[in-house]
Amino acid sequence: MTKLLAALAAAAAALALAGGAATAPEQAQSLTIYSGRDEALVKPIMERFTRDTGIELNVRYASSVSLATALVEEGRNSPADVFWATEPGTLGLVATKGLLQRLPQRTIGKVPSRFSTRSRRWVGTSARSRVLVYNTQALRPRELPTSVWQLTNARWKGKIGIAPTNGSFQAFLGATIHMYGETRVRNWLRGLKANDVKFYPNNTTTVQAVGRGDVQVGLVNHYYLYNVLADTPNLPIRNHWFRPGDPGALVLAAGVGIVAATERDAAAQRFVDFLHSKWAQRFIARGPGAAEYPLIKGVARRPALPPLTRIRGPRYSLGRLAGDLQPAIRLLIAEGFIR
Amino acid sequence: VTIRRAAAAASPPGRRAPFVLVVAAAAVGIAGAAPIAYLVRRALSADADARALVPLSTTVDLVVDTALLAAGVVVAALVVGVPLAWLVVRTDLPGRRLWGLAASLPLVIPSFIAALALLGALAPRGLLQQVLEPLGVTALPDIFGFWGALLALTLSTYPYVFLLTAAGLRAADPSAEEAARSLGAGRLAVFLRVTLPSLRPSLAAGSLLVALYVLSDFGAVSLMDYSTLTTGIYVRYESLLALDAAAILALVLVVLAVVVVALAGRWRRTIYRSTPGTGRAAPIVQLGRWRWPALAFCATVVGFFLVLPLGVLVWWSAQADPIVGRAPVAWDAALNSALAAGAAAAVAAVVVLPVALLVWRYPSRLSRMLERLTLFPSALPGIAVGLALVFFSARIAALYQTLAVLLLAYLIRFMPYALASTRASLESVSPRLEEAARSLGRRPLGATTSVVLPLARGGVLAGAALVFLSTVKELPATLLLRPIGFETLATEIWQGTSLGAYSAVAPSALLLVAIAAPLVYLLSWRNAWELGAPD
């Protein structure tokens, strides 16, 4: 019994030590980042920042939505200093609760005005476009639809994949509801359902499914193609942009905000500045497996991508997404796309 | 029952339980049950916006699909587990000890790893199809959905039924069966009309464990793409900005679990009982020619539920994943898993002692109430406990996102196992021994630690082992509560699957199984029985 108790005590002590290490009290030179961006994609950026500045980073990787929920739930108790999200809706939502600081004009001024809001609570770090990824063995370019609305055509029955729980898909849907009204979007969703649309957990798995030929086309963000091709170069997949102005060609942004309750404003601002540095922007645009649009002048996009000016998504202000996400989610649940 | 009464009689009349013991027991019981109050409060205070995200039709669909799956898995686990137990305990099946061990081993395979491995074998372009392709088989029946979830969960749960039934068969008094035989009943009639009804408590307890496992499962149903209440809760937490809506569904899930417990209690209450404890083993049935089909049955079960999934994991581990290449084995996560599980087991073993001692030494209405209170959270699904603790801890900066909260979740969920096991072993310790120690001058605490606990250490250890095993396998609460940068093997594997990199996580999955496997030896069959008898 004594031995058993000793063993138990040792285990408990070991855990206490590990716990101490995992939740070490924050020093002046450390920041807590809530990152909706995938660890696989942005870890090198985090490491480079620490190398350059000596500021240690504790990063909580999760979906942007769950991080936004956490920020709201935590309120003033949040351990977070910076929120880096995959789309502006969640940033806007946290901002409307008064949980994000106003950013300096010099930060906002670095990016085109459509990638920030007048209230200056968040700023874009990269742009991405919604696209239709397609299987090049199953389809020729001229067979592809010119508008996302055409996907309800019976020609696409059983051939479409989407990721209804994905934040960017919900942002696209919310923006479309805003521009075209709920009825039209509901009918489109019902049309997709009648076409036996297939659901995937996220963009990556959707692109993989298109590559395998499980479906012929998928609605995703443009850069997942390059991410998947970096791992499996032989997949027969390519991006297709809907015609200019089509809601299916919506241009979204990843963005960053500084948490209002932080006591490490200066370090947080350095992190935001770093994301707009030439090095970070080049990494986001052309790093291994990366292919987003950089937002800083003087950093080039991947040559294979059409210029943002030619994609010309619909006229939609990204600041509205905070209000437009919920209607999209409600519709997805009501129509049985999410259970 | 008999033993408890004997203990009560042995306890001197009018002796009051020490105040400290009562307070300690009450504190543990209340600490375990309290966080759920946060869930209830949150669900009941949800506004119309949140309620719109859990429409009645969706809720009903999810409840029905969850209940159907639970019922299906219970039936499947009975169909697999009961005949297996009878063959191993009551017949001259060749190699029956080995079959018994092999049949209980899937206990250490958590459902999400079971699902992963079954997908590897049976999914489109899976291993089986590759093997069958030369024979002209180009497509297999779709494994995703209900049947896939049913298979994976049956794999992970039938050992509960098998172990409990085997224990029940060992303890059963053969005289009723012999009487039936002497009155002219055939062997099958005896099994169906005498043996099975006498096993009812074991079957009810096993079914209850299986049903609760299915209700709280998150990993297998997600991988198999079958929507249940847990996936509905998780998607609202993770992707829909709908924490209050998640709380509502979690409360529905808790109610469903309580209903299941009540149903099982009812089923068990009607018991055919003859005088137990003849100490005579039932005669061994000679299988004769029937041993070939019996062996085929055992080989099918063990082959499909143990060899196939482990084989897939080993085969995957031996090659690079087509998507992410060869992923390194997550040693850090393995260490985290082992430490967290070790701590949970250690703390659980200690904190249940006051309740266990109280019920053993000072049986009263109060002590039984405290025992029930402490056992109650075993019915709570992990995702509900996780969510309740998110609500509970978010407002307390010192606690939020710490290991302490994660540990609390493990304790709430698995402490009941430690209690049931400790209680069971205490029952075989005569209170007279403690009295003797007291009369020789030992103080109450000294008598307990030097005389009573050493005698009960088997149960304490087995309980701790069970807590360790359950913690290593835990996924949903860990996903919700892990501190920044703290990954366990379960969460590492989970994240690998969300990238579609199934084969890359196989080494980590094997490691998890390897960490858990030796503990099966520590869990005696009797303890499995006590585990299933929480009332």
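The values are calculated or read from the model by the stated rules, or taken from the named source; none is laboratory data. As the structure is a computational prediction, the values presented were derived from the model and not from experiment. Every residue, glycine among them, receives a Cβ derived from its backbone with ideal geometry; neighbour counts consider all protein chains shown. Heads up: the accessible areas ignore ligands, DNA and RNA and are worked out on the full protein's heavy atoms, side chains in. Shrake-Rupley method; radii C 1.70, N 1.55, O 1.52, S 1.80 Å.
Annotation: peptides B:507-516, B:240-249, B:192-201, ranked by per-residue average of other Cβ atoms within 10 Å with the highest first, follow the order B:240-249, B:507-516, B:192-201.
Could you compute how much accessible area chains B and A hide from each other, both sides summed, with a 1.4 Å probe? Nearest 100 Å² is fine. Using a 1.4 Å probe, the pair buries roughly 4100 Å².
Residues whose amide H comes within less than 5 Å of that of A:Leu57, counting only those at least five positions distant or on another chain, are A:Leu31 (H built at 1.01 Å from N in the peptide plane).
The modelled label-to-label distance for the pair B:Thr449/A:Arg76, using points 7 Å beyond Cα in the direction of Cβ, is 4.5 nm. Shown for the range B:422-472: the carbon plus sulfur share of the solvent-accessible area, taken with all protein chains present and a 1.4 angstrom probe, equals 58%.
Taken residue by residue and averaged, Cβ atoms of other chains lying within 10 Å of the Cβ of B:231-240 number 6.
If the segment from B:Tyr521 to B:Arg266 were pulled out straight at 0.36 nm per residue, it would be longer than the present Cα-Cα gap by 88.6 nm. Look at the alpha carbon pairs under 8 Å that are at least 6 residues apart: their mean separation over the length of chain B gives a relative contact order of 24 percent. For the range B:178-270, the mean projected area of the C-alpha convex hull, equal to one quarter of the hull surface, is 7.9 nm². Note on exposure: A:His178, A:His240, A:His276 ranked by accessible area (1.4 Å probe, complete protein assembly) read A:His178, A:His240, A:His276, with the most exposed listed first. In order along the range B:508-519, phi translates into HN-Hα couplings of 5, 5, 4, 4, 4, 4, 5, 5, 7, 4, x, 5 Hz, rounded to whole numbers, per the Karplus curve 6.51 cos²θ - 1.76 cosθ + 1.60 with θ = phi - 60° and x for Gly and Pro.
Rounded to the nearest 0.05, what FRET efficiency is calculated for B:Ala320 and A:Arg48 with R0 set to 22 Å and r the Cβ-Cβ distance? Please report the intermediate quantities before stating the final value.
Values: r = 28 Å, r/R0 = 1.27.
It comes to 0.20.
Modelled this way, with points 7 Å down the Cα-to-C-beta line, the labels at A:Thr146 and B:Leu335 are 6.1 nm from one another.
Panel note: contact residues of the range A:30-60 (accessible area lowered by at least 40 Å² against the chain on its own; 1.4 Å probe) correspond to A:Arg60. Cα centroids of the range B:13-74 and the range B:158-177: how far apart, whole angstrom? Each part's Cα centre sits 32 Å from the other's. Summary of the geometry: the range A:174-222 and the range A:290-335, compared by the centres of their Cα atoms, lie 16 Å apart. Using θ = phi - 60° in the Karplus curve 6.51 cos²θ - 1.76 cosθ + 1.60, the 3J(HN,Hα) couplings for the range B:428-442 round to 8, 9, 6, x, 4, 4, 5, 4, 4, 4, 4, 5, 8, x, 6 Hz; x is entered for Gly and Pro. Let me see the P(r) profile for the range B:1-160: every Cα-Cα distance counted, bins of 5 Å, each bin given as a percent of all pairs. It works out to 1, 7, 8, 9, 10, 11, 13, 11, 10, 8, 5, 3, 2, 1, 1, 0, in whole percents.
Using equal-weight Cα scatterers in the Debye expression, the normalised intensity of the range A:47-103 in log10 at q = 0.17, 0.27 Å⁻¹ is -0.60, -1.13.
Within the range B:158-213, the proportion of C-alpha pairs whose separation exceeds 15 Å stands at 50%. Shielding of peptide B:493-503 by partners, expressed as the average count of other chain Cβ atoms within 10 Å per residue Cβ, is 3.
Across the options B:Phe297, B:Val235, A:Leu305, the greatest Cα extent toward the positive end of the charge dipole of the protein assembly as shown (unit charges at beta carbon of Lys, Arg, Asp, Glu) belongs to B:Val235.
For a distance above 33 Å, tell me the whole-number percent of Cα pairs in chain B that qualify. Please report the intermediate quantities before stating the final value.
Details: 62062 of 142845 pairs.
Across chain B, Cα pairs with separations above 33 Å total 43 percent.
Under a 5 Å amide H cut-off, with hydrogens placed 1.01 Å from N, A:Ser126 pairs with A:Ala254 among residues at least 5 apart or on other chains.
Think of each Lys and Arg Cβ as +1 and each Asp and Glu Cβ as -1; about the Cα centre, that makes the dipole of the range B:20-146 roughly 440 debye. Segment B:Arg170..B:Gln286, full-extension length gain: 40.1 nm, with 0.36 nm per residue of separation and the alpha-carbon distance subtracted. Using θ = phi - 60° in the Karplus curve 6.51 cos²θ - 1.76 cosθ + 1.60, the 3J(HN,Hα) couplings for the range B:412-420 round to 4, 6, 10, 3, x, 4, 5, 5, 4 Hz; x is entered for Gly and Pro.
In units of the compact-protein estimate 2.2 N^0.38 Å, chain A shows a Cα radius of gyration of 1.07.
Counting only other chain Cβ atoms within 10 Å of each residue's Cβ, the peptide A:224-234 averages 1.
Going from most exposed to least, what order do B:Ser175, B:Ser45, A:Ser66 have by accessible area with a 1.4 Å probe?
Details: B:Ser175 50, B:Ser45 80, A:Ser66 10 Å².
Listed by decreasing accessible area, they come as B:Ser45, B:Ser175, A:Ser66.
For the range A:234-302, the Kirkwood estimate of the hydrodynamic radius, built from every pair of different alpha carbons, is 14.7 Å.
Here the label points at B:Leu135 and A:Arg315, each 7 Å from Cα along the C-beta direction, are separated by 6.5 nm in the simple model.
Subtracting the Cα-Cα distance from 0.36 nm times the residue separation, let me have the gained length for A:Met179 to A:Asp196 in nm, one decimal. Don't skip to the answer; put the middle values down first.
Numbers: separation 17, 0.36 × 17 = 6.12 nm, distance 2.56 nm.
Length gained, A:Met179 through A:Asp196: 3.6 nm.
Each DSSP beta bridge with both residues in the protein assembly as shown is either parallel or antiparallel, and the antiparallel ones are about 60%. The magnitude of the dipole of the protein assembly as shown, with charges of +1 and -1 set on the Cβ of Lys/Arg and Asp/Glu and taken from the Cα centre, is near 660 debye. What FRET efficiency, computed as 1/(1 + (r/R0)^6) with R0 = 51 Å and r the Cβ-Cβ distance, is obtained for B:Leu56 and B:Arg438, rounded to the nearest 0.05? Once rounded, the FRET efficiency stands at 0.25.
Determine, from the Cβ-Cβ distance of A:Asn187 and A:Glu39 and an R0 of 51 Å, the FRET efficiency 1/(1 + (r/R0)^6), rounded to the nearest 0.05.
Once rounded, the FRET efficiency stands at 0.85.
Taking Cα centre as origin and charging only the Cβ of basic (Lys, Arg, +1) and acidic (Asp, Glu, -1) residues, the dipole magnitude of chain A rounds to 1300 debye.
How long are the semi-axes of the ellipsoid equivalent to the protein assembly as shown, from square roots of 5 times the Cα gyration tensor eigenvalues, in whole Å, largest first?
Numbers: eigenvalues 538, 217, 106 Å².
Over the Cα atoms of the protein assembly as shown, the ellipsoid semi-axes are 52, 33, 23 Å.
Estimated purely from DSSP H runs of n ≥ 4, each contributing -39500 (n - 2.57), the mean residue ellipticity at 222 nm for the protein assembly as shown is -18000 deg cm²/dmol once divided by its residues. Could you give the angle, 0 to 90 degrees to the nearest 10, between helix A:203-212's Cα long axis and the longest principal axis of the Cα atoms of chain A? Once rounded, one gets 50 degrees.
Scoring A:327-333, B:217-223 by mean Cβ neighbours within 10 Å over their residues and listing the highest first yields B:217-223, A:327-333. Taking amide hydrogens as placed 1.01 Å from N in the peptide plane, the amide H of B:Ala397 sits under 5 Å from that of no residue at least 5 positions away in sequence or on another chain.
Find the accessible area per residue for the range A:209-339; the probe is 1.4 Å, ligands and nucleic acids are left out, and the unit is Å². Walk me through the numbers on the way to the answer.
Details: 5030 Å² over 131 residues.
Spelled out: the 1.4 Å probe surface of the range A:209-339, per residue, equals 38 Å².
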